[in-house]
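Here's the structure we're looking at; comments come further down.
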Amino acid sequence: MACSYGVVYPLWSFADDRGAALERIIDETGIDHVSIPLVGGIVDEFRVEPSGGPHYFFSSGGWHYEFDRKRYESLALKPRAADWLGKRRVLADFLEFAAKKRVSTAFALDVRLGIWTRSEPVRPPQRNFLDEPVEGKGPCQLHADMLDLTQGVLTELAAFGPKFLTVAPWPIDETDGLTYYRMSQVAPIVTHGLAACFCSSCRALAARADRSLDLSVTIEMLRDELSRFARGERTATDRSDVIAKNLAEYQRLRVEAYQSICTAMHQRCAPTQTRVAVEEIGSAVATARLCGSDVPDLEIHEYEGEDAETTLRALQFVGARGWAFSIHVGNGTPGEAAPLVSFVSRLAEFSPVSIDFVDVDCAPRRVVGWIKQAMRFARRSESL
Ligand SMILES: [Zn+2]
């Protein structure tokens, strides 16, 4: 199947000039699809040559489209409209525009970041083994309320018939910069325990599983280890091993839950192709392992100029069904077309499902010419 080429184009830039700049891009390059980020976190952009709006754009994030409020009435968590949106029906305008221009659409969403306001307490928070909310790690993606909301958004958006739907990955037991320093002060096995979420939903996953994991015993052991550390006592190795084994089992149960979410997403959204976004190759490998045989397409947010050979070698270790690449062409792009043209051609050798050019609305207009060249060159080598 031929690679589908597209640009990532946010609706705030589309709204500024009613699609005039995007229309020029489509006409000049002949792209197949336009990807729009519809749900996400903080946006902080500088546009070199804005078409209509100001150079600088900031949003505290949320839902960047006119979502159907009625759909979410019965849910515990509700979408929050992005601050710039107002009463505009910008998704409807965009879909009409895309139909007229005969380009496919693709949507991207990160519900976890979209719901996280940063100015209010996190809902639903991840909880540590001491049953305290951990604000710095954001909402728990496996929490039942989050899953209901994610499912609601996917269902709403799949109905518009996008070609691709990309969701953010699950940041499994991630420690953020803020908590890391504090955690590095305590015993390693306690640190290990602090990285996991023990919210009611995560704990219920362990309770439902037909396994021998007794989570409350593990939690008691972790609490005890923290007290021992405070008193200056060392952890016995065998005890540490038991806790580590239980934590690994706990993570495995939650990974399985994530896998079934990916599978359900695929089934619910078909024939739209669903995929998981990853930042770079390292996380592509991790996500592929996470998803197992159910791995959807992976969308790799690759940076222009990164070593393509390393990229390509790493891809061979991952068993995803398909690949998609996102290439940034924004403010940091060097001043000539050649590096982009050769990079796109090399990526195209790996038969990706799609290649998206990101930050086109922020980049100088001359970059559109480079995209056109890169696509023409890559398509020519594809057809050989
Ligand atoms: Zn949780």
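The values are calculated or read from the model by the stated rules, or taken from the named source; none is laboratory data. Predicted model, so just to flag it, every value in this text is computed and none were measured. Because the Cβ atoms are built from the backbone with ideal geometry, glycine has one as well, and the counts that use them run over all protein chains shown.
Rundown of residues vs (1) farther than 30 Å from residue 379 by Cα; (2) in contact (Cβ under 8 Å) with a residue 40 or more places away in the chain; (3) buried (at least 17 other Cβ atoms within 10 Å of the Cβ); (4) touching a Gly at 6+ places or on another chain (Cβ under 9 Å), yes/no style:
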| residue | (1), (2), (3), (4) |
| --- | --- |
| 48 | no, yes, no, yes |
| 64 | yes, yes, yes, yes |
| 70 | yes, no, no, no |
| 76 | yes, yes, no, no |
| 100 | no, no, no, no |
- Query: Within region 82-98, can one find any residue that is in a loop (DSSP other than H, G, I, E, B) and of a type in the set (Gly, Ala, Ser)?
  - Reply: yes
- Note down all Cβ pairs under 7 Å where the first residue falls in region 195-206 and is part of a helix (DSSP H, G or I), the second is β-branched (Val, Ile, Thr) and more than 7 Å from the ligand (Cβ to nearest atom), and they're at least six residues apart or on different chains. 195/175
- Item | Near pairs, Cβ below 8 angstrom, 6+ apart or cross-chain, from region 214-241 (over 20 Å from residue 198 (Cβ atoms)) to any residue that is in a helix (DSSP H, G or I) and basic (Lys, Arg) | 234/228
- Per the filter on region 338-375, residues part of a helix (DSSP H, G or I), in contact with a Ser or Thr (Cβ under 9 Å, 6 or more places away or on another chain) and hydroxyl-bearing (Ser, Thr, Tyr) are 345
- Task: Check off (1) of a type in the set (A, V, I, L, M, F, W, C); (2) within 13 Å of the ligand (Cβ to nearest atom); (3) outside any loop (DSSP other than H, G, I, E, B); (4) in contact with an Asp or Glu (Cβ under 8 Å, 6 or more places away or on another chain) for residue 134 and give me the number that stays unchecked.
- Result: (4)
- For residue 38, all conditions in the list (1) out of contact with any strand residue (DSSP E or B) (no Cβ under 9 Å at 6 or more places or on another chain); (2) among the hydrophobic types (A, V, I, L, M, F, W, C); (3) more than 20 Å from residue 367 (Cα to Cα) hold save one; what is the number of the exception? (1)
- Going by the structure shown, is residue 59 in contact (Cβ under 8 Å) with a residue 40 or more places away in the chain and surrounded by fewer than 20 Cβ atoms within 10 Å (Cβ to Cβ)? yes
- Specify the residue that is farthest from the ligand (Cβ to nearest atom); the eligible residues are those in region 227-246 that are in contact with a helix residue (DSSP H, G or I) (Cβ under 6 Å, 6 or more places away or on another chain) and modelled with pLDDT of 90 or more. 243
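For region 363-384, which positions are of a type in the set (Gly, Ala, Ser) and touching a helix residue (DSSP H, G or I) at 6+ places or on another chain (Cβ under 7 Å)?
From region 363-384, those of a type in the set (Gly, Ala, Ser) are 363, 369, 374, 378, 381, 383; that's our starting set.
The answer is 374, 378, 381.
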- Message: Testing residue 223 on (1) surrounded by fewer than 16 Cβ atoms within 10 Å (Cβ to Cβ); (2) closer than 30 Å to residue 33 by Cβ; (3) away from the ligand (no atom under 16 Å from the Cβ), one condition comes back false. Which one is that?
- Response: (2)
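So, residue 110, is that one loosely packed, with under 15 Cβ neighbours inside 10 Å, charged (D, E, K, R) and touching a Gly at 6+ places or on another chain (Cβ under 8 Å) or not?
Against the criterion (loosely packed, with under 15 Cβ neighbours inside 10 Å, charged (D, E, K, R) and touching a Gly at 6+ places or on another chain (Cβ under 8 Å)), residue 110 does not qualify.
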- Which of the residues spanning region 157-179 are in contact with a helix residue (DSSP H, G or I) (Cβ under 6 Å, 6 or more places away or on another chain) and either modelled with pLDDT of 90 or more or within 11 Å of the ligand (Cβ to nearest atom) (or both)? 158, 170, 173
- Query: Under the condition of being among the polar types (S, T, N, Q) and over 14 Å from residue 106 (Cβ atoms), which residue from region 149-169 is surrounded by the most Cβ atoms within 10 Å (Cβ to Cβ)?
  - Reply: 150
